[in-house]
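The values are calculated or read from the model by the stated rules, or taken from the named source; none is laboratory data. Since the structure is predicted, the reported quantities are computational estimates derived from the model, not experimental observations. No Cβ is skipped: glycine too gets one built from the backbone with ideal geometry, and neighbour counts run over all protein chains shown. With ligands, DNA and RNA removed, areas are computed over all heavy atoms of the protein, side chains included. Shrake-Rupley method; radii C 1.70, N 1.55, O 1.52, S 1.80 Å.
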Amino acid sequence: EHAAELSPGCRAAAVAVRAAQSPPAGQASAQVLRDIPYGDDPRQRMDVHLPRQPQNAPVILMVHGGAWMGGSRSSPGVVANKAAHWLPRGYILISIDYRLLPDSDPLVQAADVAAALAAAQRQARGWGGDPARFVLMGHSSGAHLIALLTADPAIAARAGAAPWRATVALDSAAHDVGAIMARRHAEFYDRAFGADPDFWRRASPLQQLAQATVPMLLVCSSRRRDACPAAEDFARRARGFGGRAEVLPVPLSHDAINADLGQMGAYTAAVDRFLASVGLR
């Protein structure tokens, strides 16, 4: 992890997180519907975690990270604490896989997320969910993918997805792809985005953002040098188009921002307040 080097605004907004266990609010999941296809490829699958007796339930669609080349929908860091927290509160949690590098670049992956969203919306009523109350959530490269869909909703529309209620991006790996590629960067960015500046632009949420978005919560690690300033830049541009975009800095590592969400404390409480503010109980 980089040492914390934040703007004063990020430091002032940093959330104090206390370690605690998730509340014993009953069984996390009454049922898990596994390996539901949303496409023909074996990676185009999702698991649906259902609460007990869901009725018009809000739905979180979770997109894992892994540098666009790895990760899994079933990783404990992706599912465990989120299911333990939100299922007893009446939410449905959907965790998806998608095609990965080297066979599928980030634009193809974004289209996969859109296809998964469309398929889940179509089937939501059969699971006791409300197709009008979806929230996209993603971590790291998964946060990049949902931010790209949020910035350019035409990607989702082409897949047949309806508008969703909000987006929660957990420590995105890439708001401004061109800026990342212009400075020293990890090698995996070259594998993901190549050397074509036009591709960088098309895959960059910041560059594709040209209209008001659905409400967004951008969580960022105050332990990483560039995470919060990049989130602030994206939020500022979104607000410039009349959208609602809030930045939530937390003093957790990149991985803990994903794995710890759902544990009792100020971090999870802040995400809950955001979800309540957009009509998700």
* Student exercise, the range 175-255 dipole from Lys, Arg, Asp, Glu Cβ charges, in Debye to nearest 20 -> 180 debye
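What dipole magnitude, in Debye to the nearest 20, does the range 75-125 give about its Cα centre under +1 on Lys/Arg Cβ and -1 on Asp/Glu Cβ? Mind dumping the intermediate values first?
Numbers: 5 positive and 4 negative charges, 80 e Å.
Roughly 380 debye for the range 75-125.
As a test of the definition: which semi-axes, in Å, follow for the range 176-279 when you take the square root of five times each eigenvalue of its alpha carbon gyration tensor? Largest first, please.
Details: eigenvalues 136, 73, 22 Å².
Values for the range 176-279, descending: 26, 19, 10 Å.
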* Structure fact -> Note: ARG125 to ASP255 extended length (0.36 nm per residue) minus current alpha-carbon separation gives 43.5 nm
* Structure fact -> Plugging the Cβ-Cβ distance of ARG183 and ARG43 into 1/(1 + (r/R0)^6) at R0 = 30 Å yields, to the nearest 0.05, a FRET efficiency of 0.45
* Take the alpha-carbon positions of the range 136-229, form their convex hull, and give its projected area averaged over all directions (one quarter of the hull surface) in nm². => 6.2 nm²
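Suppose every K and R has +1 on its Cβ and every D and E has -1 on its Cβ; what is the size of the dipole of the chain about the Cα centre, in Debye to the nearest 20? Walk me through the numbers before you get to the answer.
On the way: 29 positive and 25 negative charges, 175 e Å.
The calculated dipole for the chain is roughly 840 debye.
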* Asked: So how exposed is GLU232, as accessible area in Å² (1.4 Å probe, rounded to 10)?
  -> 40 Å²
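In the chain, which whole DSSP H runs stretch at least 18 Å along their own axis (Cα) and average 0.5 or higher on the Kyte-Doolittle scale?
Long hydrophobic helices here: 106-123.
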* Asked: If you average 1/r over every pair of different alpha-carbon atoms in the chain and take one over that average, what Kirkwood value in Å do you get?
  -> 18.5 Å
* To do: Specify which residue in the list THR167, ALA151, GLN211 is farthest towards the positive end of the charge dipole of the range 105-226, using unit charges on the beta carbon of Lys, Arg (+1) and Asp, Glu (-1), about the Cα centre.
  => THR167
